[in-house]
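Enquirer: This structure is in structure tokens; I'll ask about it shortly.
The values are calculated or read from the model by the stated rules, or taken from the named source; none is laboratory data. These numbers come from a predicted model, not from an experiment. Every residue, glycine among them, receives a Cβ derived from its backbone with ideal geometry; neighbour counts consider all protein chains shown.
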Amino acid sequence: MRASKKYLILIAATTFTTVFLSWDHSNDSIKEVNTPLWSYLHNKDFQGFTEAEMAAFGADDDRYFSPGSNRKHPTAEDVFIQRIPGDNNHLLMMAFYSKENYSGQFVTINNGASSLIFRDDGKGDDKKAGDGFYTTKITVDVKEFRQKALNVIGEMKKNGYKPFHFVHRAMVYDPDIEESFDLQKMDRNEAVSISGLTNALSSDLTTTNAKLNNIRTNSMIITDLAVVEDSTRTWNSCAQKGNIDGPWTFKIIMKQLASRDTANIATDAQVSDFVKNWLNNWATTQVINEDTVAARTLVNTTIINPWLNKSKNAGAPVGQLDMRFAPFKLLAIVNRFDLRDGEKDGIPGSPVGEGRFVFCLIRNNCLIALKMTVILEYGVNKPATCTDKQAWAQQWYALKDLPVGSSEYNQALENITNQFSLCGSTATKPNQSSLDQLRTNEIALSDTPRTWEMREFVLDSATGMLRENTVTQSPADKYNVQVANDDVKRMVSYVNQNRKAINQEINSVPLSWQGFPFLGGSAHISPNSVGTPPNVFHWDGTEDGKGNPTFIINNNSRFFFSINTCAGCHAGETQTSFTHVDPVFYKTEATLSGFLTARAGQGGAIDFDNNPDNDSMAVKDAALRPSTNPATRIFNEILRRAKDLKNAAETTCGTVLSISSELMFKPLNSAD
């Protein structure tokens with residue numbers, strides 16, 4: 001991991017402040033509380049606002065964390081531990097929340113055998129009500145924990161560890177913030193922050209970074225040809241070689257989706273009907289949530305008719321698709337453990353995240369890959385306990401020690417994917433399938449003027465077929481035209497009125513807003529950029545041509561809302577040329593976007609730090625905000641996911657650092 005100090009300081013230019021809060025506990029006190037996350041997310045956006053705007057933004061509003069909602073608390077901004085004099089078997093643990101983020105009385109998490117209740121009501125072990133420090137007592141071998149902390153500090157100093165972490169998806173490093181651990185304060189029975197230790201354990205404290213690098217290559221987004229073209233598990237429709245009944249073939253994956261239950265696995269004819277029904281969504285105009293999704297009839301000449309002709313010539317019944325000629329190639333197998341708990345905020349997913357297959361379309365003459373990806377996204381049917389999350393993480397984590405593409409590796413990966421890809425893996429969902437949604441991203445079916453289009457499909461419980469659905473977190477295209485009309489004003493009002501939830505990334509874009517259908521039936525990106533710098537399709541608002549603004553007010557709200565839409569994530573907010581996993585032909589490994597890999601990808605993407613070798617992708621704010629000095633955000637998405645997986649896999653449930661990790665974990669607000 002080559003985290004460059006030069007550019008990481010750019011993101012840290014949003015100056016971290018120190019919030020001074022008093023803490024009186026057993027005659028000890030916390031005199032300073034470092035809250036860098038709060039500062040990063042909030043302070044810089046208020047520059048230049050009126051007092052009235054500041055008052056409105058600062059209004060206390062906990063409705064997003066009400067007892068009736070799924071989400072009980074936001075991410076803790078810091079976590080402290082404090083020794084109890086004379087007690088080597090327990091510690092006090094405090095989770096800190098600023099008033100801006102949370103002011104309820106309790107925080108409850110599951111970590112280990114039972115739930116932990118942190119309280120800020122001045123009762124029990126909590127010293128002072130309403131001070132933002134939520135306290136509980138945990139059982140721990142204090143001497144053992146102290147030694148572990150000492151060992152970690154030693155490794156950090158020995159290897160010149162430079163602390164950095166991720167705020168939402170952006171990499172943040174501030175050399176002025178010490179992320180060590182103050183043993184002297186601990187020994188004086190004072191409260192001491194353990195966020196630095198927590199973050200350090202998700203990193204690789206060695207100089208070679210071998211473990212974390214192996215997680216990045218082996219356990220996150222697997223594109224190696226020895227895996228995605230494994231002749232025992234995949235099928236080459238052009239060469240007609242491989243195993244047509246392999247577990248990672250388009251045929252078997254669709255067969256499992258089409259089966260109503262494990263006792264009624266779909267026949268070849270039923271799989272054909274299932275796939276044709278899905279493809280025919282493009283053949284006719286669809287109306288989804290009152291959003292018209294125009295037909296893309298090229299689906300007939302590009303996919304359906306050539307496939308039917310090949311099938312007929314090979315002896316298939318008239319009108320039946322032979323899956324041997326399915327023009328879809330496996331590009332990647334993807335671990336999205338980082339999407340766990342997103343369902344608490346209304347985002348599709350499961351308590352332990354998702355597993356995914358990514359395919360691309362192959363031209364019917366078998367010469368090139370076409371610009372279309374098909375992503376099957378499965379929620380993993382596991383309980384929400386810490387131990388179950390950790391067990392699932394450890395299965396992916398174990399792949400780091402196996403040679404990618406070896407028989408041992410591929411068998412271990414198949415054992416993982418079978419847990420979510422097979423019919424019967426989630427008995428309570430349609431077709432007993434774990435599928436959350438199937439998404440497509442393509443320009444291959446577009447007529448002139450050519451535009452990229454993203455669609456989303458779910459299994460219909462009544463028909464058992466794939467039904468076209470609204471696109472997650474993405475309002476209809478009409479809300480993002482460069483005209484100050486009523487639709488754009490409505491979109492802007494949604495973001496401005498929900499800025500608190502959006503800034504904390506806990507909002508779920510509603511089906512309707514202000515009495516009008518809001519979520520889109522599809523999402524489009526024009527190859528022509530909107531604004532500058534290049535490739536910056538994004539959500540922002542506009543002016544009416546007379547100098548009257550219809551813009552999203554808050555800079556962070558604009559960014560978080562935009563990047564969590566389909567179009568924002570696949571374009572300007574991440575400097576991505578429409579696909580994060582790029583379509584390629586057989587015998588070619590798929591390339592990934594710069595957002596994922598930290599190296600500028602295809603389509604003229606710009607890495608704004610002009611350094612392709614520093615393991616970071618710098619992206620200037622798509623709306624050039626703030627106008628005086630546009631923000632530059634640093635991305636390395638695979639590294640973010642790898643650190644998260646390492647932390648979960650290596651930290652024993654119920655321990656100090658596992659509890660801290662759970663408190664500081666931030667579910668994503670996007671299904672991308």
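Enquirer: Looking at Arg296 and the list (1) farther than 23 Å from Asp436 by Cβ; (2) surrounded by fewer than 16 Cβ atoms within 10 Å (Cβ to Cβ), which single condition is not satisfied?
Expert: Arg296 satisfies every listed condition except (2).
Enquirer: Take segment 253-270 and flag every residue that is hydrophobic (A, V, I, L, M, F, W, C) and either out of contact with any Lys or Arg (no Cβ under 9 Å at 6 or more places or on another chain) or closer than 19 Å to Leu308 by Cβ (or both). Explain how you work it out, then say what you get.
Expert: Step one: of segment 253-270, the residues hydrophobic (A, V, I, L, M, F, W, C) are 253-254, 257-258, 263, 265-266, 269.
Across segment 253-270, the qualifying residues are Ile253, Met254, Leu257, Ala258, Ala263, Ala266, Ala269.
Enquirer: Yes or no: segment 316-323 includes at least one residue that is crowded, with 17+ Cβ neighbours inside 10 Å, modelled with pLDDT under 95, not in a loop (DSSP other than H, G, I, E, B) and not small (Gly, Ala, Ser).
Expert: Scanning segment 316-323, I find no residue that is crowded, with 17+ Cβ neighbours inside 10 Å, modelled with pLDDT under 95, not in a loop (DSSP other than H, G, I, E, B) and not small (Gly, Ala, Ser), so the answer is no.
Enquirer: Determine which member of the set Thr576, Thr628, Thr652 is outside any helix (DSSP H, G or I), modelled with pLDDT under 95 and closer than 25 Å to Met94 by Cα.
Expert: Values: Thr576 fails: closer than 25 Å to Met94 by Cα; Thr628 fails: closer than 25 Å to Met94 by Cα.
Sole residue among the options that is outside any helix (DSSP H, G or I), modelled with pLDDT under 95 and closer than 25 Å to Met94 by Cα: Thr652.
Enquirer: With respect to Lys489, determine if the residue is among the basic types (Lys, Arg), over 17 Å from Glu543 (Cβ atoms) and either surrounded by fewer than 22 Cβ atoms within 10 Å (Cβ to Cβ) or not assigned by TED's automatic domain parsing to the domain that holds Tyr378 (or both). Outline the logic, then answer.
Expert: Numbers: among the basic types (Lys, Arg): yes; over 17 Å from Glu543 (Cβ atoms): no; either surrounded by fewer than 22 Cβ atoms within 10 Å (Cβ to Cβ) or not assigned by TED's automatic domain parsing to the domain that holds Tyr378 (or both): yes.
No: the conditions fail for Lys489.
Enquirer: Scan segment 121-174 residue by residue and report those that are within 25 Å of Asp87 (Cα to Cα) and hydrophobic (A, V, I, L, M, F, W, C).
Expert: Across segment 121-174, the qualifying residues are Ala129, Phe133, Ile138, Val140, Val142, Phe145, Ala149, Leu150, Val152, Ile153.
Enquirer: Oh, and also: Just the residues that are surrounded by fewer than 23 Cβ atoms within 10 Å (Cβ to Cβ) and in a loop (DSSP other than H, G, I, E, B), please, taken from segment 328-348.
Expert: Hits for segment 328-348 are Asp341, Gly346, Pro348.
Enquirer: When the residues of segment 514-532 are filtered to those that are assigned to a strand (DSSP E or B) and touching a strand residue (DSSP E or B) at 6+ places or on another chain (Cβ under 8 Å), which remaining residue is modelled with the lowest pLDDT?
Expert: Quick first cut of segment 514-532, residues assigned to a strand (DSSP E or B) only: 516-517, 519, 523-525.
Applying the additional criterion that residues be touching a strand residue (DSSP E or B) at 6+ places or on another chain (Cβ under 8 Å) yields 517, 519, 523-525.
Values: Pro517: 98, Leu519: 98, Ala523: 95, His524: 93, Ile525: 88.
Checked segment 514-532; the qualifying residue modelled with the lowest pLDDT is Ile525.
Enquirer: Now for a separate question. Within the set of pairs 6+ apart or on separate chains, which have a first residue in segment 467-492 that is at positive phi, a second that is assigned to a strand (DSSP E or B), and C-beta atoms under 9 Å apart?
Expert: Once the first residue is at positive phi and sits in segment 467-492, its partners that are assigned to a strand (DSSP E or B) give Gln473/Leu519.
Enquirer: Enumerate the pairs (first residue in segment 190-206 and under 15 Å from Phe96 (Cβ atoms); second residue anywhere and of a type in the set (D, E, K, R) and part of a helix (DSSP H, G or I)) with beta-carbon separation below 6 Å, excluding pairs fewer than 6 apart on the same chain, so at least 6 apart or on different chains.
Expert: Val192/Lys185
Enquirer: When you check Gly246 against the structure, is it at pLDDT below 95, of a type in the set (Gly, Ala, Ser) and in a loop (DSSP other than H, G, I, E, B), yes or no? Break it down into steps so the answer makes sense when it comes.
Expert: On the way: at pLDDT below 95: no; of a type in the set (Gly, Ala, Ser): yes; in a loop (DSSP other than H, G, I, E, B): yes.
It is false that Gly246 is at pLDDT below 95, of a type in the set (Gly, Ala, Ser) and in a loop (DSSP other than H, G, I, E, B).
Enquirer: Residues that are of a type in the set (A, V, I, L, M, F, W, C), surrounded by fewer than 20 Cβ atoms within 10 Å (Cβ to Cβ) and assigned to a helix (DSSP H, G or I): does segment 449-459 have at least one?
Expert: Initial filter on segment 449-459 (of a type in the set (A, V, I, L, M, F, W, C)): 452, 454, 457-459.
Still in the list and also surrounded by fewer than 20 Cβ atoms within 10 Å (Cβ to Cβ): 457-458.
Keeping just the survivors that are assigned to a helix (DSSP H, G or I) gives none.
There is no residue in segment 449-459 that is of a type in the set (A, V, I, L, M, F, W, C), surrounded by fewer than 20 Cβ atoms within 10 Å (Cβ to Cβ) and assigned to a helix (DSSP H, G or I).
Enquirer: Anything in segment 399-442 that is within 13 Å of Glu377 (Cβ to Cβ) and among the aliphatic types (A, V, I, L, M)? List them, or say none.
Expert: Leu435, Leu438
Enquirer: Here is a check on your reading of the model: is Thr440 assigned by TED's automatic domain parsing to the domain that holds Pro351, surrounded by fewer than 23 Cβ atoms within 10 Å (Cβ to Cβ) and in contact with a Ser or Thr (Cβ under 8 Å, 6 or more places away or on another chain)?
Expert: Details: assigned by TED's automatic domain parsing to the domain that holds Pro351: yes; surrounded by fewer than 23 Cβ atoms within 10 Å (Cβ to Cβ): yes; in contact with a Ser or Thr (Cβ under 8 Å, 6 or more places away or on another chain): yes.
The answer is yes for Thr440.
Enquirer: Do we have any residue at all in segment 649-662 that's acidic (Asp, Glu) and in contact (Cβ under 8 Å) with a residue 40 or more places away in the chain? Working first, answer last.
Expert: Step one: filter segment 649-662 for residues acidic (Asp, Glu), giving 650, 662.
Among the residues that remain, those that are also in contact (Cβ under 8 Å) with a residue 40 or more places away in the chain are: 650, 662.
Yes, segment 649-662 contains at least one residue that is acidic (Asp, Glu) and in contact (Cβ under 8 Å) with a residue 40 or more places away in the chain.
Enquirer: Condition check: at pLDDT 95 or above, farther than 30 Å from Gly405 by Cα and either buried (at least 16 other Cβ atoms within 10 Å of the Cβ) or not β-branched (Val, Ile, Thr) (or both). Does Asn236 satisfy that? It would help to see each step written out before you state the result.
Expert: On the way: at pLDDT 95 or above: yes; farther than 30 Å from Gly405 by Cα: no; either buried (at least 16 other Cβ atoms within 10 Å of the Cβ) or not β-branched (Val, Ile, Thr) (or both): yes.
Answer is no for this residue.
Quick grid of which residues meet (1) over 27 Å from Thr579 (Cα atoms); (2) in contact with a Gly (Cβ under 7 Å, 6 or more places away or on another chain); (3) among the hydrophobic types (A, V, I, L, M, F, W, C):
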position	(1), (2), (3)
Ala170	no, no, yes
Glu190	yes, no, no
Ala200	yes, no, yes
Leu205	yes, no, yes
Ser231	no, yes, no
Asn243	yes, no, no
Gly246	no, no, no
Gln256	no, no, no
Gln270	yes, no, no
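Enquirer: Ok, one more. Quick one: is Cys360 in contact with a Phe, Trp or Tyr (Cβ under 8 Å, 6 or more places away or on another chain), crowded, with 22+ Cβ neighbours inside 10 Å and hydrophobic (A, V, I, L, M, F, W, C)?
Expert: On the way: in contact with a Phe, Trp or Tyr (Cβ under 8 Å, 6 or more places away or on another chain): yes; crowded, with 22+ Cβ neighbours inside 10 Å: yes; hydrophobic (A, V, I, L, M, F, W, C): yes.
Criteria met by Cys360.
Enquirer: Of the conditions (1) at pLDDT 95 or above; (2) in contact with a Leu (Cβ under 9 Å, 6 or more places away or on another chain), Gly349 clears all except one; give me its number.
Expert: All conditions are met except number (1).
Enquirer: Another question, then. Given the criterion in contact (Cβ under 8 Å) with a residue 60 or more places away in the chain and either surrounded by fewer than 21 Cβ atoms within 10 Å (Cβ to Cβ) or under 23 Å from Thr217 (Cβ atoms) (or both), identify the matching residue among Pro612, Pro630, Pro583. Walk me through it before giving the result.
Expert: Details: Pro612 fails: in contact (Cβ under 8 Å) with a residue 60 or more places away in the chain; Pro630 fails: in contact (Cβ under 8 Å) with a residue 60 or more places away in the chain.
Selected residue: Pro583, the only one of Pro612, Pro630, Pro583 that is in contact (Cβ under 8 Å) with a residue 60 or more places away in the chain and either surrounded by fewer than 21 Cβ atoms within 10 Å (Cβ to Cβ) or under 23 Å from Thr217 (Cβ atoms) (or both).
Enquirer: Continuing with the same structure: For segment 255-280, name all the residues that are of a type in the set (A, V, I, L, M), within 21 Å of Thr373 (Cα to Cα) and either outside the structural domain of Leu367 (by TED's automatic domain parsing) or surrounded by fewer than 23 Cβ atoms within 10 Å (Cβ to Cβ) (or both).
Expert: We begin by selecting, within segment 255-280, every residue of a type in the set (A, V, I, L, M); these are 257-258, 263, 265-266, 269, 271, 275, 279.
After this cut, where a residue has to be within 21 Å of Thr373 (Cα to Cα) as well, the list is 257-258, 271, 275, 279.
Scanning segment 255-280 gives a single hit, Leu279.
Enquirer: Please work out which one of (1) among the aliphatic types (A, V, I, L, M); (2) in a loop (DSSP other than H, G, I, E, B); (3) outside the structural domain of Ile553 (by TED's automatic domain parsing); (4) in contact with an Asp or Glu (Cβ under 6 Å, 6 or more places away or on another chain) is the condition Ala600 fails and give its number.
Expert: The single condition Ala600 does not satisfy is (3).
Enquirer: Still on this structure, I have one more. Out of the residues in segment 75-91 that are at negative phi and outside any strand (DSSP E or B), which is surrounded by the fewest Cβ atoms within 10 Å (Cβ to Cβ)? So that I can check it myself, show each step before the final result.
Expert: Within segment 75-91, the subset at negative phi is 75-85, 87-91.
Still in the running and outside any strand (DSSP E or B): 75-77, 85.
Numbers: Thr75: 19, Ala76: 25, Glu77: 25, Pro85: 8.
Residue satisfying both the conditions and the ranking: Pro85.
Enquirer: Identify, from the list Asp613, Asp607, the residue that is in contact with a strand residue (DSSP E or B) (Cβ under 8 Å, 6 or more places away or on another chain) and acidic (Asp, Glu).
Expert: So the residue among Asp613, Asp607 that is in contact with a strand residue (DSSP E or B) (Cβ under 8 Å, 6 or more places away or on another chain) and acidic (Asp, Glu) is Asp607.
Enquirer: Hey, can you tell me all the residues within segment 92-138 that are buried (at least 16 other Cβ atoms within 10 Å of the Cβ), assigned to a strand (DSSP E or B), under 29 Å from the mean Cα position of the chain (by Cα) and modelled with pLDDT of 90 or more?
Expert: Hits for segment 92-138 are Met93, Met94, Ala95, Phe96, Val107, Leu116, Phe118, Phe133, Tyr134.
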